[in-house]
1. Kirkwood hydrodynamic radius of the chain from all distinct Cα pairs, in Å?
2. For Asn44, what is the net charge nearby, where nearby means another residue's Cβ is under 12 Å from its Cβ and Lys, Arg count +1, Asp, Glu -1?
3. Which entries in the list Lys250/Lys424; Lys387/Lys410; Lys108/Lys193 go over 28 Å, if you measure between the two C-alpha atoms of each?
4. For the chain, modelled as a GNM with alpha-carbon contacts under 10 angstrom, which of Asp278, Asp74, Asp211 fluctuates the most?
5. Would you mind checking which residues have amide H under 5 Å from Val77's amide H? H placed 1.01 Å from N; only 5 or more apart, or other chain.
6. List the relative contact order of segment 310-437 as a percent without decimals, with contacts defined as Cα pairs under 8 Å and 6+ residues apart.
7. Report, to the nearest whole %, how much of the accessible area of the chain belongs to carbon and sulfur atoms, 1.4 Å probe, protein only.
8. Based on the Cβ-Cβ distance of Met379 and Thr274, what FRET efficiency does E = 1/(1 + (r/R0)^6) give at R0 = 56 Å, to the nearest 0.05?
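The values are calculated or read from the model by the stated rules, or taken from the named source; none is laboratory data. The model shown is predicted, which means the values in this text are computed figures rather than measured ones. Note that we place each Cβ from the backbone using ideal geometry, even for glycine, and neighbour counts take in every protein chain shown. These area figures cover heavy atoms from the full protein model, side chains too; ligands, DNA and RNA do not enter into them. Shrake-Rupley method; radii C 1.70, N 1.55, O 1.52, S 1.80 Å.
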Amino acid sequence: MQRDFKIHINNNLSVLNESKLLIAVSGGIDSVVLTHLCHALGLNFSLAHCNFNLRAEESHKDEAFVLELAEALDVEVFIQNFDTEAYAKAHKRSIQMAARELRYDWFKELAEQLQFDYILTAHHADDNLETFLINFTRGTGLNGLTGIPMIKNNIVRPLLSFSRAQIETFAKKENILWREDASNASRKYLRNKLRHEVVPILKEINPQLLDSFQNTLVNLNDTADIVKESLDAFSKRAIQSIDKFGITYKISEFKKVHNPKAYLYEIFKGYGFTEWNDIVNLLEAQSGKLVRSNSHRLIKHRDFLILTDLGNSAQSKEALFINELANEIETPIGELSFENVEGLFDVSKSTIFVDKDVLKFPLEFRLWKEGDVFQPIGMTGKKKISKYLKDEKVSLVEKENTWILASDNKVVWLVGKRADDRFKVTKNTRNIIKVTI
């Protein structure tokens, strides 16, 4: 296996030969064998061990074992202790998901702080098969059936082409010691149930199961590449714009394809949506209808679908109070500036001119709210801002992100859209202020 591993690294992962590596080590057979293989090749690596404090004294024995391994190989080792159960409870995660998040967040932090080029994990061919079966049994799309990637960002899995049997044979032949995790024998978790009860039957039916599975993965990944090319081309046609409000898609492009639901799923599956029939119904819905996930919204606006990030919603922004006219004031939608000028010039949606002597301080910069009225410049009567935005056919997202500049509870400017007539510059104005966002 040592020879095959060397050939594999040189042919497929040669970048590791010249890189600073961090190997994730649990103390189990897979990660310990990976460590020994990398040491034999003379790779430049350190070890990282997570103590999740889930197995009482056994967890501390795992930590001690990894410390001894690092000393024996004369390599640097990092140890981190986690209160996994508390994290899982606080973040409403399963223990397995909590451990995964804690592990990879810490690895990422180490890599950034100490400039490791790659993080190596010991996933192997049997892990890949088990992951495929887990996704298959739970229901998934094509991407869930393409297996664990050998390289993803800075995570590398050098053992992915080797089986569990190969790893065990090598460890025993080389008299390599490792720690056994008793929980691996439990049928409590789906992965273990598949490992101990399902996979052996499949291997009995087909002794070359892993080879056949690898061929299947190659074919599925080839198909996934074709799908990605098609989706990329579709996205270029469908995306109308990308701006501070989100991504706007043309509904007409979804209606042109044979299976709109499939395209909607592939385009929006990464944003946490689950109600796909509701999303399909948006294509024919009235403007303003929307579907939410935990992190995003998909809104129907006229002939478009607008994808927005709930985390960037302007609704969470507080009002700003301006006690004096400063050159630049930071706001949630850009820099607001005030400048004394002699005349009117460069009037645009982002610039207005007002009579300074009509202003009363403090000025207020805030999101508009129901009941707000203003007198659009050039009009003699007042108009509700809600009515103005509706008449302008402004989308729900843009409405939520519309701000006003107010003086003494009177709207000076519907920012980026229309100034108020009551503050305009007239022939009697002595002091002109240029306001720019």
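1. It works out to 27.0 Å.
2. Values: positive: Lys20; negative: Glu18, Glu76, Asp117.
With Lys, Arg at +1 and Asp, Glu at -1, the neighbours total -2.
3. Over 28 Å apart, Cα to Cα: Lys250/Lys424; Lys108/Lys193.
4. Result: Asp74 has the largest fluctuation of those listed.
5. Leu47
6. Details: 229 pairs, mean separation 46.4, N = 128.
Reported relative contact order: 36 percent.
7. Roughly 48 percent of what the probe reaches on the chain is carbon or sulfur.
8. Numbers: r = 46 Å, r/R0 = 0.83.
According to the calculation, E is roughly 0.75.
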